[in-house]
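Everything below concerns the one structure shown next.
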Amino acid sequence: MTDPATLRHTRFANVFGLGDAAGTTNAKTAAAVRLQAPVVVKGLLASIDGRTSDAAYDGYGSCPLITSYGKVVLAEFIYGGKVTPSFPFDPRVPRTSAWLLKTKFLPFMYWNLMLRGNEFDIKHRERPLAAVS
Ligand SMILES: Cc1cc2nc3c(=O)[nH]c(=O)nc-3n(C[C@H](O)[C@H](O)[C@H](O)COP(=O)(O)OP(=O)(O)OC[C@H]3O[C@@H](n4cnc5c(N)ncnc54)[C@H](O)[C@@H]3O)c2cc1C
């Protein structure tokens with residue numbers, strides 16, 4: 001059982017968890033692991049130095065849902081199921097731009113940025129969505 005923000009084990013202070021096996025309530029996605037990893041690294045390094053880390057994970061997860069060939073719904077949310085779209089569009093609408101993000105940009109980002117230790121993120125802001133009639 002890990003603390004949802006620090007990802008530190010709630011009983012064993014020198015144990016951290018991340019990814020699909022972490023006992024947190026976020027959606028289990030690679031997008032989550034990407035943001036959890038720096039929190040765990042900072043927590044581990046602080047723990048080794050006898051300090052506490054202020055790094056925190058907000059539960060972000062992202063699921064690119066393929067709705068048809070060439071269209072994707074990009075579902076992004078944080079803890080509590082709060083919807084936090086990165087782009088100023090209605091995230092419920094299947095889009096070609098989200099398809100291109102998933103099929104072109106995300107693989108590029110994975111191989112060329114993430115695996116080389118580069119970090120960047122778009123701030124996670126909750127956006128309440130109007131009811132669909
Ligand atoms: C079909 C599918 C599609 C997905 N699509 C997306 C997506 O579009 N976007 C997204 O963000 N996420 C997606 N995900 C989720 C994403 O793949 C996972 O959340 C992510 O891989 C979890 O990473 P992890 O390191 O925690 O676990 P894993 O990637 O599962 O890594 C665990 C590793 O541990 C190894 N292992 C297991 N047991 C042992 C053992 N006893 N000894 C040694 N090694 C062991 C396994 O072989 C594996 O390599 C998808 C998942 C699936 C199944």
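The values are calculated or read from the model by the stated rules, or taken from the named source; none is laboratory data. What you see is a predicted model; the values in this text were computed from it and never measured. Note that each Cβ is placed from the backbone with ideal geometry, even for glycine, and that neighbours are counted across all protein chains shown.
Listed here are the residues, each with its yes/no results for (1) in contact with a strand residue (DSSP E or B) (Cβ under 9 Å, 6 or more places away or on another chain); (2) surrounded by 14 or more Cβ atoms within 10 Å (Cβ to Cβ); (3) modelled with pLDDT of 95 or more.
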{"position": "Gly19", "(1), (2), (3)": "no, yes, yes"}
{"position": "Ala31", "(1), (2), (3)": "yes, yes, no"}
{"position": "Lys71", "(1), (2), (3)": "yes, yes, yes"}
{"position": "Ala98", "(1), (2), (3)": "yes, yes, yes"}
{"position": "Lys104", "(1), (2), (3)": "no, no, yes"}
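Restricted to segment 9-36, and to residues that are of a type in the set (Val, Ile, Thr) and within 28 Å of Lys102 (Cβ to Cβ), which residue is farthest from the ligand (Cβ to nearest atom)?
Among them, the one singled out is Thr25.
Each row is one residue, and each column tells you yes or no for (1) without any contact (Cβ under 8 Å) to a residue 60 or more places away in the chain; (2) more than 20 Å from Met109 (Cβ to Cβ); (3) in a helix (DSSP H, G or I).
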site	(1), (2), (3)
Arg11	yes, yes, no
Ala27	yes, no, no
Val33	yes, no, yes
Gly43	yes, yes, yes
Arg51	yes, yes, no
Ala56	yes, yes, no
Leu65	yes, no, no
Val73	yes, no, no
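Using beta carbons and a limit of 8 Å, which pairs, at least six apart or on different chains, have the first residue in segment 91-119 and farther than 20 Å from Tyr69 by Cβ and of a type in the set (A, V, I, L, M) and the second one within 12 Å of the ligand (Cβ to nearest atom) and at pLDDT 90 or above?
Met114/Arg34
Given the conditions (1) on the phi < 0 side of the Ramachandran plot; (2) surrounded by 18 or more Cβ atoms within 10 Å (Cβ to Cβ); (3) modelled with pLDDT of 95 or more, report the number of the one that Pro91 does not fulfil.
With respect to (1) on the phi < 0 side of the Ramachandran plot; (2) surrounded by 18 or more Cβ atoms within 10 Å (Cβ to Cβ); (3) modelled with pLDDT of 95 or more, Pro91 is out only on (3).
Just give me the residues in segment 76-97 being assigned to a helix (DSSP H, G or I) and closer than 21 Å to Gly59 by Cα, in sequence order.
Tyr79, Gly80, Gly81
Please indicate, with yes or no, whether at least one residue in segment 54-62 is loosely packed, with under 13 Cβ neighbours inside 10 Å, at pLDDT 90 or above and under 30 Å from His9 (Cβ atoms).
yes
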